[in-house]
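Asks: Provided herewith is a single structure, encoded as structure tokens, for subsequent inquiry.
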Amino acid sequence: MIHSCGPTPPAPPVIEPTYLPQDVLQSCTVSQQEFNGWFKSGTPAENGLVTPASSVTFVHNNNCDFYRWSMQMFLWITSPLSGQYNGGNTVMESPVFYTVSPEDSAGQRVMIPHVSGTPLRVMSHITQNGPHNLPVILDKQGRRFEVEKSAPGEKLTVLNKDGKSTEVQRIETDAAGAPSFLDKNGKAIERPKALLKNKINADRIVREFKVGDKSVFLDAQGNIIDTEEGQATGDALMAQNGSLVYYITMVNDVYAYFLSGSKNNLMSGYQFPTTTGARDSICAIARAKGVTLPDSNALAIELKTSWVEAVDLPDEGGYVTIDALIPTYNQKNPDQWIPTGERLARLALIGVHIVGSMDGHPELVWATFEHAKNAPNDSYTYIDSSNQVKTVAADTGTHWLLNANAADTPVNVSHMQVSGDTISGNNGFSVSESNTQRTKPWGVASSGAPNAENPSPAASNSEVISINNNINSMLVGNDIRKNYLLLGATWTNGGAPPNGSNYLYPSDTIAGVAIGTSQLANSTMETYFQFGSTYKSFGSCFGCHSNNNGLAPDDLSHVFEAIEPLSSFLDKKKKK
């Protein structure tokens, strides 16, 4: 059990390895000798300290190299410290990482140092953002649109048929739900078009107009965007133990000093570090501030983590846990929870995005992990040791954290939406437990070629399943990390600037498209963006994390542009 304080819980239950097919083709493995070298001591130990993968010397021979990197990074950030790094319980709680604050009223964020004995703070929802750092919705064809919202008190305007700005007094809908925009005289505005603030890639931006508790989305061409049922721009999840799902974004010290140096013109070039030269420059910037970066070979790392309260979990001992400050709510109204303050709680880790730069990949490699008991898998295929394709039926049962019964439908429909800090019921639901399924269990669709090395979903799935089984078999005893699964990782061919789309057929041009597990989603963070089991052209991480085919950090990371440099880099006037 990894935890920050409190009584010692019972020995952790370990997920039975038979949860995954044991006859899978061993197409992605780590040798025992290499695995031994991951541990600080040189020998695997139960919950032992793992060192980070060396991103600066990363060599890409095949997909499996990225999955090995992902596995080692996960074992590193969840390692207990035993006195390492001057405090903290796990590596991600140590001073090697900083928590990224939520945006303030000016849209700015700060990096909060991790201090031993000081609990982290969480958010109660996650918003899917697009290239302009705006919330994202999906239409019924699976296309992503960013949403411009109105500020409180802002007048709602559209362009009329003559191209003149016209104030919208109200919106009415007919029996079929079709909206009409009315001016201050009560007259219908003919052929209204959205008046957008963002002009770049405006064909994928819409303006939101509220009609009661419903939203109407209008684009700059005058089209009403019909959204997929259940998609919302700020959703909350609830686990079966009654806990909200909470989120913490973190960056490592290399990221922090790279950002601070870049924003103070101390770095040449403007992309995430991938070379020894860039690493050395960042280390020099840190040393000038009296700071040594102990794991600089990890290069820049960004984490997005998801958590639930550990109280009433049937197997708390099977989770990595922390103590953190969570928001409290007045829950008298089951349709709307009003924030009242905060309190300290024990939280259990259920999901992690690990995003990092490495040699040859300034676009970042995007890997994701989940606890094995989060949600049931949909059906999937794999290749066995005899090179036969086999099908695993969809999971069943009632033992899932984010699903009451795997047989229940519909799945992956938003029950709650967040406005400010208030949580309200959504789609006819009260504030209630979510019904979630992993529709692409190993990050690829049920058909098509997911990348240039894997001609079928079964081949891709087999690589990811294989390394999960392999690492699980080498972790010692009741190592808590056996309970977590790598779902996959994605990147672009040769580190090309991502164009937002993903690989499907061998004839596709693969410069800039997502490869690896190119339809990757985490059920705790992209719950309502999983697109079912089928292929979608923009169904990868890069569907949101890309902008103008660029490699600048703020083209890729949704928090980079908004984060202020570390306080030691701010000029004295700004500090005052």
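The values are calculated or read from the model by the stated rules, or taken from the named source; none is laboratory data. What you see is a predicted model, and the numbers here were worked out from it, not measured in a lab. Because the Cβ atoms are built from the backbone with ideal geometry, glycine has one as well, and the counts that use them run over all protein chains shown.
Asks: Of the numbered conditions (1) surrounded by fewer than 21 Cβ atoms within 10 Å (Cβ to Cβ); (2) hydrophobic (A, V, I, L, M, F, W, C); (3) modelled with pLDDT of 90 or more, W491 satisfies every one except a single condition; which is it?
Replies: So W491 meets the others, but not (1).
Asks: Okay, moving on. For region 347-364, what are the residues that are in contact with a helix residue (DSSP H, G or I) (Cβ under 8 Å, 6 or more places away or on another chain), in a strand (DSSP E or B) and over 15 Å from S70 (Cα atoms)?
Replies: A348, P362, E363
Asks: List the pairs whose first member sits in region 553-572 and is buried (at least 18 other Cβ atoms within 10 Å of the Cβ), whose second member is outside any loop (DSSP other than H, G, I, E, B) and of a type in the set (S, T, N, Q), and whose Cβ atoms are under 7 Å apart, counting only residues at least 6 apart or on separate chains?
Replies: Correct list of pairs: H558/N129; V559/T249; P565/S260; L566/S260; F569/S260.
Asks: Hey, another quick one. Here are some residues: Y535, Y528. Which one is assigned to a helix (DSSP H, G or I) and modelled with pLDDT under 90?
Replies: That would be Y528, the only listed residue that is assigned to a helix (DSSP H, G or I) and modelled with pLDDT under 90.
Asks: Right, something else. What pairs come up if the first residue lies in region 401-412 and is of a type outside the set (A, V, I, L, M, F, W, C), the second is outside any loop (DSSP other than H, G, I, E, B), and their beta carbons are under 7 Å apart, counting only those six or more places apart or on different chains?
Replies: Pairs that qualify, where the first residue is of a type outside the set (A, V, I, L, M, F, W, C) and the partner is outside any loop (DSSP other than H, G, I, E, B), are N412/T527; N412/Y528.
Asks: Output the residues belonging to region 434-465 that are assigned to a loop (DSSP other than H, G, I, E, B), within 23 Å of G397 (Cα to Cα) and hydrophobic (A, V, I, L, M, F, W, C).
Replies: W442
Asks: On to the next question. Taking the criterion of being among the polar types (S, T, N, Q), more than 25 Å from the chain's Cα centre (by Cα) and over 30 Å from L402 (Cα atoms), would at least one residue in region 288-303 satisfy it?
Replies: yes
Asks: Here is a follow-up. Just to check your reading of the model, which residue among G488, G494, G500 is on the phi > 0 side of the Ramachandran plot and in a loop (DSSP other than H, G, I, E, B)?
Replies: G500
Asks: Give the residues of region 529-543 that are within 17 Å of the chain's Cα centre (by Cα) and surrounded by 21 or more Cβ atoms within 10 Å (Cβ to Cβ), sorted by residue number.
Replies: Of everything in region 529-543, those that are within 17 Å of the chain's Cα centre (by Cα) and surrounded by 21 or more Cβ atoms within 10 Å (Cβ to Cβ) turn out to be F529, Q530, F531, G539, S540, C541, F542, G543.
Asks: Now, a different point. If a residue has to be surrounded by 21 or more Cβ atoms within 10 Å (Cβ to Cβ), among the polar types (S, T, N, Q) and over 20 Å from E370 (Cα atoms) to count, how many in region 440-465 make the cut?
Replies: Residues meeting the conditions: 2.
Asks: For region 279-323, enumerate the residues that are assigned to a loop (DSSP other than H, G, I, E, B) and among the charged types (D, E, K, R).
Replies: Hits for region 279-323 are K289, D295, D312, D315.
Asks: How many residues does region 152-190 hold that are within 38 Å of the chain's Cα centre (by Cα), among the basic types (K, R) and assigned to a loop (DSSP other than H, G, I, E, B)?
Replies: Total satisfying the criteria: 1.
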